[in-house]
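**Student:** What follows is a single structure, and I will ask about it in a moment.
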Amino acid sequence: MIGTDLTIARQWLEAGNVVGIPTETVYGLAGNALNDEAVLTIFRVKNRPAFDPLIVHTDSLDKIRGLVRDLPPVAEQLARTCWPGPLTLLLPKRDHVPDLTTSGLDTVAVRIPDHPLTLALLKSLDFPLAAPSANPFGYISPTTAQHVADQLGDQVPYILDGGPCPVGVESTIIGFDEAGRAVVYRLGGMALEQLEAITGPLRVQTSSSNPQEQAHPQAPGMLTSHYAPRKPLTLLADGEVPAALGTLPAEQFANSVGALVFSSTLPGIPEANQLVLSPNGDVLEAARHLFAYLRRLDTLPVTQLYAQLVPDEGLGRAINDRLRRAAA
């Protein structure tokens, strides 16, 4: 059921169930972060591996302090400047935060989302919400309530409809090394330039080729393969055309492929089979459209998808990160 009734959403959550919630980034599959049964339900509904930690959402810095043992000065500065907003901080957890929520890590990922409906819901609850993206694990993240319903169906008793997500890619995740320096573990909805204006130069460590680290990621969203459509996806650099163009009969090629492009269509592919992220070349608009357009491409009667990388600046870095993982 899709609706806007906070009372219904709260009742389901207080009963230990899961609810779909809107955020400024993507829709989340939310449950009581301090209740093992609710967290287990999140993992089960998403078919998410238990080694991939969850992000915990609440509505105030005071409540965050109740979840973490330490808030380094740079973390507090980021929190006060960027929250509510698309930033997640990875901090040492207090003992009452379940190991299941953090996948056994001694740190918990926390954030305050910037969506009025979900902030009102969080204010009404006496517990925080664990809320990974509300999609089957590894598939394209949802940016509307209908996407959640289409993907998870009756496994989610209630979905709060907050309209399309205005950012459209998941939050940026920052942790801290032993010296207290900030490290980016996931590129996302807050651009590096914004963050570095607060922290100074940041080290980016978004994935690892080490199989052990892949099996035990330090933060959500670090797996090499993620956010993927069902059909095979090949990446194209700016100005590049699919290698198969010219090697197959034109009609056969044209009818078998779909393309996600940044600002203008590619030659040799029907325009009906192409989706333009931003005709004006705006990476903010492109981020907003990314997951919805990938989802639409995946429904076309084609066998192969192509996606064009966008300028690697601002939110373009997060878009390219998602595209690379989708194609992995």
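The values are calculated or read from the model by the stated rules, or taken from the named source; none is laboratory data. Being a predicted model, the structure only gives us computed values, none of them experimental. Because the Cβ atoms are built from the backbone with ideal geometry, glycine has one as well, and the counts that use them run over all protein chains shown. Each accessible area value is taken on the protein alone, full model and side chains, heavy atoms only, with ligands, DNA and RNA left out. Shrake-Rupley method; radii C 1.70, N 1.55, O 1.52, S 1.80 Å.
**Student:** Show the residue pairs meeting these rules: Cβ distance below 6 Å; 6+ apart or different chains; first residue within the range 109-133 and at pLDDT below 95; second residue among the charged types (D, E, K, R) and open to solvent by 20 Å² or more (accessible area, probe 1.4 Å).
**Tutor:** none
**Student:** Please identify the pairs in which a residue from the range 12-39 that is farther than 11 Å from Tyr158 by Cβ and at pLDDT 95 or above has its Cβ atom under 6 Å from the Cβ atom of a residue that is part of a strand (DSSP E or B) and among the β-branched types (Val, Ile, Thr), counting only partners at least 6 apart or on another chain.
**Tutor:** Note: pairs meeting the criteria are Gly28/Ile21; Ala33/Val56.
**Student:** Look at Asp154 and say whether it is open to solvent by 30 Å² or more (accessible area, probe 1.4 Å), within 18 Å of Leu13 (Cα to Cα) and assigned to a loop (DSSP other than H, G, I, E, B). Break it down into steps so the answer makes sense when it comes.
**Tutor:** Working: open to solvent by 30 Å² or more (accessible area, probe 1.4 Å): yes; within 18 Å of Leu13 (Cα to Cα): yes; assigned to a loop (DSSP other than H, G, I, E, B): no.
So Asp154 fails the test.
**Student:** Give, as residue ranges, the strands (runs of 3 or more DSSP E) completely inside the range 236-328 that count at least 2 residues that are open to solvent by less than 10 Å² (accessible area, probe 1.4 Å), modelled with pLDDT of 90 or more and under 28 Å from Glu170 (Cα atoms). It would help to see each step written out before you state the result.
**Tutor:** Values: elements: 257-261, 274-276, 304-308.
Once the strands (runs of 3 or more DSSP E) in the range 236-328 are filtered for at least 2 residues that are open to solvent by less than 10 Å² (accessible area, probe 1.4 Å), modelled with pLDDT of 90 or more and under 28 Å from Glu170 (Cα atoms), what remains is 257-261, 304-308.
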